[in-house]
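One structure is given below, encoded as structure tokens.
The values are calculated or read from the model by the stated rules, or taken from the named source; none is laboratory data. Since the structure is predicted, the reported quantities are computational estimates derived from the model, not experimental observations. Quick reminder, even Gly has a Cβ in these numbers, built from the backbone with ideal geometry, and neighbours come from all protein chains shown. Side chains included, ligands, DNA and RNA excluded: accessible areas come from the protein's heavy atoms. Shrake-Rupley method; radii C 1.70, N 1.55, O 1.52, S 1.80 Å.
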Amino acid sequence: MTMADSVADSVADSSTELRASRQAVALGFLGGYVDTLGFVALFGLFTAHVTGNFVLIGSELARPSGNSVLIKFLAFGAFVAAVAFTRLYILSLERRGKAPLRSVFSLQLILLIGFMLAGLAAVPLTTSDAPLALLAGAIGAAAMGVQNAAAKLLLSHLTPTTVMTGNVTQLVIDLVDIVRGGADASVHRRCAKFLWPILAFGAGAIGGAFAYIYVGFYGLLPAIALLAWLAWGARPQPA
């Protein structure tokens, strides 16, 4: 291998790493933004966080507060169906020799637009078991089900972008090792890898809450624009 080849490979590796970092931060922001906007809008529904819905379903069944759990059950079903469909969709694309990431981002984009339109049609939201509220919750959960499936199937090299518990745990462990002087370069790199998506998720959560308070379901427009940018950036690269 010539020096020119080595330099070209190094540049390519840096470009790939930068692209992955941008995807992780953008998807982290998207995960926090959509999940929180849906939670504020749809009576405590987590569109991206199945664990949270399980907790709320159990809480409501044990100590009823008057809020229907139907929207959470339907959202769970939609989430599962979206994950299953995404798996089959990716397999179909791969069999045809097509790079799947852009198509999967586009699928999530369509569902996220549908979430916004269903939410706008559901206004004013007075009860969680109104038909259009149920539809909005199901579509929102499906959109985030696609993101969760893509994270496992296509973006496993990235930091998880929809649930931060494991990320925060790993970050704290790494920070402790850095402070005590027991960390090598790989720990420092992993620390940075986990830090930025966590911060992006937190910023997205705050942004999503305020966006809904001020502009309702139109607050999903920034998330839609961000996802469109991700889909455009995931286009196949020239050889």
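The set of residues from segment 158-193 being closer than 29 Å to Leu230 by Cα and in a loop (DSSP other than H, G, I, E, B) comprises Leu158, Thr159, Pro160, Thr161, Thr162, Val163, Met164. Do you know which residues across segment 65-87 are among the hydroxyl-bearing types (Ser, Thr, Tyr) and part of a helix (DSSP H, G or I)? Thr86 - this is the single residue of segment 65-87 that is among the hydroxyl-bearing types (Ser, Thr, Tyr) and part of a helix (DSSP H, G or I). Set side by side, the residues Val146, Val123, Val104, Val80 differ, and just one is within 30 Å of Arg235 (Cβ to Cβ), aliphatic (A, V, I, L, M) and open to solvent by 60 Å² or more (accessible area, probe 1.4 Å), which is Val80.
Checking Thr169 against (1) of a type in the set (Val, Ile, Thr); (2) free of Cβ contacts under 8 Å to residues at least 24 places away in the same chain; (3) within 26 Å of Ala78 (Cα to Cα): exactly one of these is not met. Which one? With respect to (1) of a type in the set (Val, Ile, Thr); (2) free of Cβ contacts under 8 Å to residues at least 24 places away in the same chain; (3) within 26 Å of Ala78 (Cα to Cα), Thr169 is out only on (3).
From the list Thr36, Thr86, Thr47, Thr126, the lone residue that is of a type in the set (Val, Ile, Thr) and more than 21 Å from the chain's Cα centre (by Cα) is Thr126.
In segment 162-209, how many are surrounded by 14 or more Cβ atoms within 10 Å (Cβ to Cβ) and at pLDDT below 90? Within segment 162-209, residues that are surrounded by 14 or more Cβ atoms within 10 Å (Cβ to Cβ) and at pLDDT below 90 number 3. Among residues of segment 90-115 that are closer than 18 Å to Lys152 by Cβ, those with a beta-carbon under 6 Å from a residue that is part of a helix (DSSP H, G or I) and polar (S, T, N, Q) at least six positions away or on a different chain give the pairs Leu93/Ser103; Gln108/Gln147.
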